[in-house]
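FYI, it's all coordinate maths here, none of it is from the lab. Just so it is clear, the model here is predicted, and its values are computed rather than measured. Quick reminder, even Gly has a Cβ in these numbers, built from the backbone with ideal geometry, and neighbours come from all protein chains shown.
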Amino acid sequence: MRRTFPWIAIPVLLFAMPQPGRAGPMLVPVAVGADFTAISADGSTVVGNIGGTGVFRWTAAEGLRPVPATRELSPLWATGVSADGSVVVGVADTDAGQRAFRWSEAEGLVEIAMPGSVISSEARGVSGDGSVVVGSASTDLFSGAFRWSEATGVLSLGGSGEAGLADAWGISRDGVTIVGDRPAPGGQEASRWTATGGSRGWGTCLAGSRGASPGASPATAE
């Protein structure tokens, strides 16, 4: 069930934040129990969470501000921010469970729509310009990593098999390369995915320590 968390006066700590192009740090008030989770490329924007009850965004110009909830979505965790700080991604609470979200000043808080009947979804990374989001989802049509853009919508990156990614954890600035993991004999296997090369595994930790060579296999997304 979706929860609505009021923003109330709470104890704060002061965090020394570097100021790009300026001498000396700026003291940023941060709620006790808050976590910084991502920072923009130039360090001008920081996003984070307050004890799993809300998401905040800090800039030198605006200070600390919550990412506002909507009637359908209550932000829980921020997991990524674009290079210029204008786009935030993460996980929101809804009446139907947890859902991946994308937030921008222009569009506000928006759920990343998944194909089929959604059980849960999480956004975990965003490209430099904010146009591509990656994460993981479970639906009646697929379970595993996904890649989203406005042009393509959600693409499954292969589900839980070795042909793709079971989980996506990050994406390159240009939105081309995705990193995550997939099941492999002996445990999880760290993997790197591209549209042209598919999923390339780097061996389990145990196998890698014995000098095993990385393997490659095609992904199901085009």
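A few points about this structure:
- The range 90-138, subset charged (D, E, K, R) and part of a loop (DSSP other than H, G, I, E, B), residue nearest to ASP35 (Cα to Cα): GLU105
- In the range 113-129, the residues that are under 13 Å from VAL87 (Cα atoms) reach residues that are of a type in the set (S, T, N, Q) and surrounded by 15 or more Cβ atoms within 10 Å (Cβ to Cβ) with C-beta atoms within less than 6 angstrom, at least six apart or across chains, in these pairs: ARG124/THR79; VAL126/SER82.
- All positions within the range 66-89 that are outside any strand (DSSP E or B) and within 19 Å of PHE146 (Cβ to Cβ): LEU73, SER82
- For ALA151, the conditions (1) part of a strand (DSSP E or B); (2) surrounded by fewer than 24 Cβ atoms within 10 Å (Cβ to Cβ); (3) among the aliphatic types (A, V, I, L, M) all hold with the exception of (1).
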